[in-house]
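Here's the structure we're looking at; comments come further down.
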Amino acid sequence: MLELRNISKVFGDIVAVDGLNLEVQDGEFFVILGPTGAGKTTTLRIVMGLEKPDAGEVYYDGQEITHVAPPLRNFAFMFESHNLYPVLNVYDNLAFPLRSPLFRVPEDEVRRRVESVAKELHITHLLKRKVSHLSGGEQQRVALGRALVRKPRIYILDEPISSLDYKLREELQTEFKRIHEEYGITILSATHDNISAMAMASRIGIMEHGRIIQVGSPREVYIDPANVSVARIIGAPSMNFLECNLGDDKLVIKDSHDFFFRVKLETVRLLEEKLRGGDRILVGIWPENVLVSGSTGEAWMKAVVENVEYHGAEKFVNLNLGGWPIKALLTDDFVPKHGSEVFVSLPEESLYFFYVDSGMRIYAN
């Protein structure tokens, strides 16, 4: 098991990592997900030993390795930029780690491992080609193969597929997941791409401003976001947010008194207790839970259509609801036109509540 305990790292006036604690279990695919500048790459470089923390310790299998040199940790690091050797062919790039003084193995074992990994990654036909003549996707597979051939303790992947086009990202997501499950290897990865993280990870750690703010399986984090930041980062599309005021048995959208939706009286009372005298609340709902219809129903709100987006088999409509933008998944053949009016319902059982100022989750039950 890999452990990071109270890790901090500062570069001048920038706090890159701030008291970070993290555990990666043996055999899991752990993804650190966060926006650019969150501290993901610095965290991985500290794990590798390429950066020294200003405070805190790194442990592996209960042994502190904070000051152990990178080669002695036996962790494989796969960079976003591949870091392949352009003057060498694919075979020699794959073989390079096995020929280093620290991990040198007999040449017949080098050949066996290289050919085995090349077969797994479907790049056997490329072994004699220079890497400078390969496509981006082919280079990514070679970089992955160079990591796999070594059999290290942990594979560290920094934005492994973010620079590739969508089709190649999809292919390599499947490849990473397959290799992880077949080899039973431990992977620690970092990305800003929530779709890739959700597709590949056993567990996700959401990172913001140098801290891990929530950890869980992709499903757990999606269903139970701890705060607004997590809900914005994890979704694709992200959660809708409406600032509201509490009514007797309803929530009134801020600055739009004619726009409100009903909730149980006991829900309002619980929220009033949590807010301790305040009456402003941030309400969140995932796009797939927003109900949209061409005809009205009881307590449905009128919204104006901005546009419709097609995401493959799914289509989403962007709406103006009382001056607030909201996105909804359209689940049938109903495709409203720009500027037309539709009716929207926000079911109480699908609502999330957050404090306006802190963004932290309010559990109204």
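The values are calculated or read from the model by the stated rules, or taken from the named source; none is laboratory data. Everything numeric here is computed off the predicted structure, so don't read it as measured data. Here Cβ is always computed from backbone atoms with ideal geometry, including for glycine, and neighbour counts include all displayed protein chains.
Which one is surrounded by the most Cβ atoms within 10 Å (Cβ to Cβ), of the residues in the range 1-54 that are without any contact (Cβ under 8 Å) to a residue 40 or more places away in the chain and in a strand (DSSP E or B)?
Per the criteria, the residue is GLU23.
For the range 338-365, enumerate the residues that are acidic (Asp, Glu) and either at positive phi or assigned to a helix (DSSP H, G or I) (or both).
GLU348, GLU349, listed by residue number.
Quickly run through the range 245-280 and pick out the residues that are surrounded by 16 or more Cβ atoms within 10 Å (Cβ to Cβ) and free of Cβ contacts under 8 Å to residues at least 12 places away in the same chain.
Within the range 245-280, just VAL252 meets the criteria.
Can you tell which of LEU270, LEU282 is aliphatic (A, V, I, L, M) and out of contact with any Phe, Trp or Tyr (no Cβ under 6 Å at 6 or more places or on another chain)?
Just a single option satisfies the conditions, and that option is LEU270.
Return the residues of the range 178-200 that are in contact with a strand residue (DSSP E or B) (Cβ under 7 Å, 6 or more places away or on another chain) and more than 19 Å from GLY39 (Cα to Cα); say none if nothing qualifies.
Correct list: HIS180, ILE185, THR186, MET200.
I'd like to know if the range 165-176 contains one or more residues that are acidic (Asp, Glu), at pLDDT below 85 and not in a helix (DSSP H, G or I).
There is at least one residue in the range 165-176 that is acidic (Asp, Glu), at pLDDT below 85 and not in a helix (DSSP H, G or I).
Tally up the residues in the range 281-308 that are polar (S, T, N, Q), touching a residue at least 40 places away in the same chain (Cβ under 8 Å) and farther than 15 Å from LEU242 by Cβ, please.
Of the residues in the range 281-308, 3 are polar (S, T, N, Q), touching a residue at least 40 places away in the same chain (Cβ under 8 Å) and farther than 15 Å from LEU242 by Cβ.
Within the range 63-150, which helices (runs of 4 or more DSSP H) (wholly inside it) include 2 or more residues that are in contact (Cβ under 8 Å) with a residue 40 or more places away in the chain?
Helices (runs of 4 or more DSSP H) meeting the threshold: 90-95, 136-148.
Go through the range 76-102 and give me each residue that's of a type in the set (A, V, I, L, M, F, W, C), touching a helix residue (DSSP H, G or I) at 6+ places or on another chain (Cβ under 6 Å) and either closer than 23 Å to THR191 by Cα or surrounded by fewer than 18 Cβ atoms within 10 Å (Cβ to Cβ) (or both).
Once the filter is applied, which keeps residues that are of a type in the set (A, V, I, L, M, F, W, C), touching a helix residue (DSSP H, G or I) at 6+ places or on another chain (Cβ under 6 Å) and either closer than 23 Å to THR191 by Cα or surrounded by fewer than 18 Cβ atoms within 10 Å (Cβ to Cβ) (or both), the range 76-102 yields ALA76, PHE77, MET78, LEU84, LEU102.
Yes/no matrix, rows are residues, columns are (1) at pLDDT 95 or above; (2) buried (at least 20 other Cβ atoms within 10 Å of the Cβ); (3) within 9 Å of the chain's Cα centre (by Cα):
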site: ILE185; (1), (2), (3): no, yes, no
site: ASN194; (1), (2), (3): no, yes, yes
site: ILE204; (1), (2), (3): yes, yes, yes
site: VAL215; (1), (2), (3): yes, no, no
site: ILE234; (1), (2), (3): no, yes, yes
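Of the residues VAL292, VAL335, VAL305, only one is in a strand (DSSP E or B), modelled with pLDDT under 95, over 22 Å from PRO225 (Cβ atoms) and aliphatic (A, V, I, L, M); which?
VAL292 is the lone residue from the list that is in a strand (DSSP E or B), modelled with pLDDT under 95, over 22 Å from PRO225 (Cβ atoms) and aliphatic (A, V, I, L, M).
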